[in-house]
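Working notes for the structure below.
The values are calculated or read from the model by the stated rules, or taken from the named source; none is laboratory data. Note that the coordinates shown come from a computational prediction; the quantities given were computed from them, not determined experimentally. In this analysis, Cβ positions are derived from the backbone assuming ideal geometry, glycine residues included, and neighbour counts consider all displayed protein chains. Surface accessibility is based on the protein's heavy atoms, side chains included, excluding ligands, DNA and RNA. Shrake-Rupley method; radii C 1.70, N 1.55, O 1.52, S 1.80 Å.
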Amino acid sequence: MQDILSLAAANLLTPMILCFALGVAASLARSELTIPEAAAKTMSIYLLFAIGFKGGVAVNDHGLDASLGLAILGGVVLSFGLPFVAFALLKVLTRLSAIDAAAVAAHYGSISIVTFVTATSVLQSSGIASEGYMVAVAAAMEAPAIVSALWLVARSGQAAKMDADLWREILLNGSIVLLVGSFVIGLVTGAKGMERIDAFIVAPFQGILCLFLLDMGLVAGRGLKAAKGVLTAGALAFGILMPIIGAAAGLVVGLGVGLSTGGVALMMVLAASASYIAVPAAMRVALPEANPALYLTLSLGVTFPFNLTLGIPAYVAIAQAFGG
């Protein structure tokens, strides 16, 4: 417990977390501070490309083997299974309709790539190595949760829209395409490719992540203000309990497929995080009746801050305790 608290305290005082806190505080105080949308989009593109490329280079160095396949399989199982847990928990803690509960559950089976990127930075600063192919695991975990959520809606007797537009949104979502594409580029070019763009990929990464998290803080703060009356006590409790449950499942899977300490921590982070990019876009197509104020505020306004400030340090410390 002492290790978890000390790591949490250290993580709270990093520039990344403090930038996020500044954004939330500025938004709640109704400051005029804003990040231009074009700049925020550019930073998102940079971060996705950088983390995907570095992951591909790491796999090039490591080589393709059974451990990669097992890790991807474990991630897909988590992404497909966690929405069923989330749906059941929502039915216990809230009075949400089946459509709203399924839409929220989809977010908690998918992943937050920014939480994943932040966790990789925390591991690097702590000197903890992790498998580069965890980027591929992250990409594989984006979509299965959406399928689970639509099955839950269909089982409840409601209609869910599953057509070409939905599958295009799932499979060709910009974040997935960029993450997978940059991963493949890094995989093909390897260390020589990294040498050519090292100054672009490595040195600016931490600073751009700080500015991006500042914008995320502003967005989260605005969401919290707009969600008054939407979030009940039960929904708020779900936003904290579900990432803990997901992290526990990620710990079991990570240890089961033989990941390193850093890899187990990242599997826990992926299972604990909640999507606020890919899944909301899919839900707008598949379940237009679902309330976006509810699922966006829970994923971005409750779970995302929890994971950044308390969750990641706890997951890393637990992975260290189990991994030795």
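About the centre of its Cα atoms, the chain shows a dipole size close to 620 debye [charges on the beta carbon of Lys, Arg (+1) and Asp, Glu (-1) only; nearest 20 debye]. Scanning the chain for GluC sites (Glu not before Pro) in DSSP loops with at most 16 neighbouring Cβ atoms within 10 Å leaves 33-288 as the longest stretch between them. Between the listed residues Pro292, Ser273, Gly263, the Cα displaced farthest toward the positive end of the dipole of region 174-324, a dipole computed from Cβ unit charges relative to the Cα centre, is found at Pro292.
Rounded to whole Å and ordered largest first, report the semi-axes of the equivalent ellipsoid of the chain derived from its Cα gyration tensor (root of 5λ). Can you show the working numbers first?
Numbers: eigenvalues 156, 105, 83 Å².
In descending order, the three semi-axes are 28, 23, 20 Å.
If you count only protein heavy atoms with a 1.4 Å probe, what accessible area per residue comes out for region 243-324, rounded to a whole Å²? Working shown, then result.
Details: 2300 Å² over 82 residues.
On a per-residue basis, region 243-324 sits at 28 Å².
Judged by the mean number of other Cβ atoms found within 10 Å, the most tightly packed of the peptides 255-261, 274-280, 176-182, 305-311 leads the ranking 274-280, 305-311, 176-182, 255-261. In the chain, taking the dipole from charged Cβ atoms about the Cα centre, the farthest positive-side position among Val230, Cys19, Gly127 is held by Val230. What separates the Cα centres of region 255-276 and region 43-75 is a distance of 13 Å.
Say the cut-off is 30 Å between C-alpha atoms; which of Lys91/Lys225; Lys41/Lys225; Lys41/Lys91 go over it?
On the way: Lys91/Lys225 25 Å; Lys41/Lys225 23 Å; Lys41/Lys91 36 Å.
Lys41/Lys91, as the Cα separations exceed 30 Å there.
Modelled this way, with points 7 Å down the Cα-to-C-beta line, the labels at Val92 and Arg155 are 1.6 nm from one another.
Just tell me, in residue order, which DSSP H segments of the chain are both 30 angstrom or longer along the helix axis (alpha-carbon based) and at least 0.0 in mean Kyte-Doolittle hydropathy. Span-like helices here: 37-62, 66-93, 205-226, 233-256.
Given charges of +1 on the Cβ of Lys and Arg and -1 on the Cβ of Asp and Glu, with all other atoms neutral, how large is the dipole of region 1-151 about its Cα centre, in debye to the nearest 20?
Numbers: 5 positive and 8 negative charges, 76 e Å.
Its charge dipole is roughly 360 debye.
Roughly how many percent of the accessible protein surface of the chain is carbon and sulfur, given a 1.4 Å probe and a whole-percent answer? Whole-percent figure for carbon plus sulfur exposure: 67. Taking trypsin sites (Lys or Arg not before Pro) as exposed when DSSP calls them loop and at most 14 other C-beta atoms lie within 10 angstrom, the chain has its longest site-free stretch at 229-324.
Per DSSP H run of at least 4 residues, take -39500 (n - 2.57); add these up for the chain, divide by its residues and hand me the 222 nm value, nearest 500 deg cm²/dmol.
Details: 16 runs with 243 residues, N = 324.
Rounded to the nearest 500, the figure is -24500 deg cm²/dmol.
Can you check how the C-alpha radius of gyration of region 38-180 compares to 2.2 N^0.38 Å, as a plain ratio? So region 38-180 has a normalised radius of gyration of 1.16.
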